[in-house]
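A short write-up of the structure that comes next.
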Amino acid sequence: MESPLHSLPALFKQLGLPDDPVSIEQFVASHSPLKPDLKLAEAFFWSDAQKAFLREEILEDADWAVVVDELNLMLRGGRGVQKK
């Protein structure tokens, strides 16, 4: 299995959000859990540009798709940043 091309902090930076571990943890904690029927890119807390980026990456299964999926799972489970 290949390693993801991008990291979670890199995704947060791409989205224009603070990308340090504490900020990521706080973001996940304050926006979790997402409702099961709510698509990640439709969540109220994203700007229009962030929504468009997330939609595009998921639909195209692009370079960012793996880490976008990781964030999606974190927000659904209400978990913080996973230590590796």
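The sole residue among Pro9, Pro21 that is in contact with a Pro (Cβ under 9 Å, 6 or more places away or on another chain), modelled with pLDDT of 95 or more and surrounded by 15 or more Cβ atoms within 10 Å (Cβ to Cβ) is Pro9.
Any residue at all in region 39-62 that is surrounded by fewer than 16 Cβ atoms within 10 Å (Cβ to Cβ), in a loop (DSSP other than H, G, I, E, B) and at positive phi? Checked against the condition, which is being surrounded by fewer than 16 Cβ atoms within 10 Å (Cβ to Cβ), in a loop (DSSP other than H, G, I, E, B) and at positive phi, region 39-62 yields at least one hit.
Just one residue in the set Asp48, Asp61 is more than 14 Å from Leu17 (Cβ to Cβ) and modelled with pLDDT of 95 or more; that residue is Asp48. Within the set of pairs 6+ apart or on separate chains, which have a first residue in region 1-25 that is aromatic (Phe, Trp, Tyr), a second that is at pLDDT 95 or above, and C-beta atoms under 6 Å apart? Pairs found: Phe12/Asp19; Phe12/Ile24.
The values are calculated or read from the model by the stated rules, or taken from the named source; none is laboratory data. No experiment lies behind these values; they were computed from the predicted model shown. Neighbour counts are summed over all protein chains in view; Cβ atoms, including those assigned to glycine, are modelled from backbone coordinates with ideal geometry.
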